[in-house]
Every structure is written in C-alpha cells, then in structure tokens.
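Read the structure below first, then the notes.
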Amino acid sequence: MQAASAHMTRTLLRRLAVALVFGVLLLAGAELGTSDAFAQSSVRTGEEASSISPVDGQVPGNALGETSQADYWRAVRSGTQGFVSIPDKKAGTLIQSEGEAWRSFRNGPLSLYASWAILATIIGLCLFYALRGRIRIEHGKSDQTITRFAWIERFGHWMTAISFVVLGLSGLNVLYGRYVFPALIGDSAFGFLTQIGKYLHNYLAFAFMGGLVMIFVMWVRHNLPDRTDIKWILQAGGMFSKNLHPPAKKFNAGQKLIFWSVMLGGLSLSLSGWALLFPFTTHFFGDTFDKINWLFGTELPTALTVLQEQQINQLWHAIMAIFMVCVILAHIYIGTLGMEGAFDAMGSGEVDLNWAKEHHALWVDEELEKESRRERGSSAAQPAE
Ligand code: HEM
C-alpha cells in the first residue's frame, strides 16, 4: 500500500516537472513571439509589418545587423563590379544577371526559331523540287566542254565548303546535340563526340577564314552588280519557267547574292567566332553600338563588360551561323540535285557548252572572244614562211 502511494507521488511529481518545463518553454516562446527578433521572420499583418520595417536602412531590434542588406544585394544582382585583389577583375562581379537572360534566350527562342528556319528552308527546297523538278540542260548535252573554274578556284571553294560543313555540324551539335544524342548513343559517347567537334570547330575556323579570303580575291570582280542583274532578277532567273534563260556573265544575280551573303555573313561569323575563341579580348559590340548610336541617334549600351560582350557575341554567332546554314542549304541544292550539269563546274572544272550557253551566255561569249583573240595573237606571232 505504502509502495503504491510512493509510486503515485513520484508519477505526480514527474508530471508536474514536465508541465513546469513545458510551461516555461511556452512562456519563453510567447515572449519571443512578441519580440522584434522573432518578428523578423514571422508572417505579420500590414500594420505590424510597417511598424517593424526598416527605416532609412535601419533594422529595428539589431537582429540582422544595424543596416538593411536589401540595397546591398540589389546592387550585387545588378552586376555592380566590386574590388578584388586577384588579377581576374571579372571575379569582382558576384552575380551577373544578364547571364540568366542570355541562357534563357539561347536555350529558348533562339534554338526554337533557328530550328524552324532550317526546317522551313528544307521544306521550301523540297516544295521547289516537287513543283519545278530538276532544271535540265534544255538542248541536251553537247560533246564540247568549256573550262569554268581553274584548280585554284576549286581548291578555294572546297576548302571553304568542307570546313563550313564541319563547322556547321559541330556548331549545331553544341546547340541541339543534347536533345538528340544522349538518348541515342549515351552520355559518354555524346561527350566524346562533342569534345572532338569542339576541337574541329576551333581549328577548322582558320581554314574557313582562309577560304573566304581566297574566294573573295578570286571572284569579287565577277560579283559586282551590273545591268544584266536587273533583267535576271525581273525574270527570277528563269527558275520558274522552262525555255527562259536570262543572259548572265560569269555569275548571275542569284549567285552574286550567295557570294555577298557568304562574304558578309562569313566575315561576321568569323569576327564573332574570333571573339569566342579568344574570350574577353574584344569590344566588337560596344564599338558597333557606338557607331550605330552615332549614325541613327539610338541609345544602345556602349559600356559593355567583357562578359556581356561575350554573351552578345555568342548569340550573334549563332544567329549568323543559322542564316548561313539556310543560304548554303539552298546553294548545295542548286549545285547538286537542283540543276543538271552544275556540279561539274566545281568537280572537274569543265562544264558542258550547252549548259554554259543556257545559264551564262554572256560569259561564254566573253570566253570565246578571249579564245579567238588568243588564237589570232598566236597566229600573228607565227613567223612568215
Ligand atoms: C558542300 C557542298 C557544296 C556544293 C556541292 C557546292 C557547289 C558549288 C558549285 C557547283 C558552284 C559553281 C556554280 C557555277 O558554276 O555557277 C559553287 C559556287 C560557289 N560556292 Fe559552293 N558548293 C558547296 C558548298 C559551299 C559552301 C559551304 C560555301 C560557302 C560557305 C560555298 C560558296 C560558294 C560560292 C561563294 C560560290 C560562287 C557563287 C555561286 O556560284 O553561288 N559553297 N558551289
């Protein structure tokens, strides 16, 4: 009986002790709840909130320090560059918010519209082929040929062409590969492929630039616009109607358009690519925006950080590359499947005379004239017997 009452007393005391501790904790909590320190992180009414909001940067209660950090972090997010003692001064920018904008534009609208542009070009070429068919040599093949391009011209063309194709494929892999290849060949093989592609892209860029220079030097004089282009354009090059062959010199207006697209697009692609290859060393966009502002009175930002330069360079490089890919797809189509006899010009360098007369009548006249002048010259130089 005694033992039972002792046990009850002990239980009672234990419960009292627990209640006491609990009560103390509750009181402490209540006290904490009304204090400014706890108020900082709890949800409050508008009135309560305004009574504890920082005034002139001063936080009541000294809980998070004397000064509000909001302005500080706002400045950090705005990309303000602070001071660092290490050589890489870019590290002084803690958060570069434009990076987020760059990333979402690149992976969003840029990738999407670029893929549409390529798809639209391919569909357009398929439709053209379906409606127009292959452009044939109307008078059939003759048994004569005429030299269209010397070996050095073909060398310059193929150097540009092969490097462009590899650059294009490895570049497209960087933009879209991750959506296609890991599922097909696995992550490791995709990583390996991309690494190889990156090296090819970096080094073949120089072959492409060299090829552009060669093509420019060799063909620029044949690509200056002249009167014959107007007729060719008005008749759409005879592309939509058989039996129509507007006369053209060495290059027709369509080819001149390709030439200048390749030259100007290639130059822009090369400059932006150069800036990506040697990062943080150029100010192409700041300088360009400066000129545009001067010319058009616009207010484009000119004081770009090297990082912003890099981001705009990357976007521009991709845009120009997609433009070039679309132009070159059309060019490859007409140089192969689209037109009978065209490929020989860049293959052997010799084209069928009928093909040449149909597509470049004025050029054939010039060449034949040159030839007969040469012959006259050489027969005049023959010593009289
Ligand atoms: C890869 C496949 C390619 C093929 C089959 C091809 C074929 C041809 C052919 C047959 C010509 C001569 C046309 C004529 O005799 O009138 C030509 C010219 C030319 N090619 Fe290509 N080409 C290719 C790629 C490229 C690339 C990648 C570029 C530049 C990035 C390029 C730039 C040019 C230029 C500027 C001309 C002179 C203007 C013209 O004919 O349009 N080609 N090509």
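Every number in this text was worked out from the coordinates using simple rules, so none of it is lab data. Since the structure is predicted, the reported quantities are computational estimates derived from the model, not experimental observations. All Cβ positions, glycine included, derive from the backbone under ideal geometry; neighbour counts span all protein chains shown.
Data for the structure
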read-out: For the stretch 174-191 and the stretch 331-384, distance of Cα centres in Å; value: 47
read-out: Neighbour-count order for W294, W260, W232, W274, fewest beta carbons within 10 angstrom listed first; value: W294, W260, W274, W232
read-out: Net lengthening on full extension, N293/L264 (0.36 nm per residue, minus Cα-Cα); value: 8.3 nm
read-out: Cβ-derived FRET efficiency at R0 25 Å, N107 paired with A75, nearest 0.05; value: 0.35
read-out: Cβ-based exposure ranking for L315, L353, L119, in which fewest neighbours within 10 Å come first; value: L119, L315, L353
read-out: In sequence order, calculated HN-Hα J values of the stretch 85-90 (Karplus, 6.51, -1.76, 1.60; Hz; x Gly/Pro); value: 8, 7, x, 7, 5, 4
read-out: R0 of 22 Å, Cβ-Cβ distance F216-L368: FRET efficiency to nearest 0.05; value: 0.20
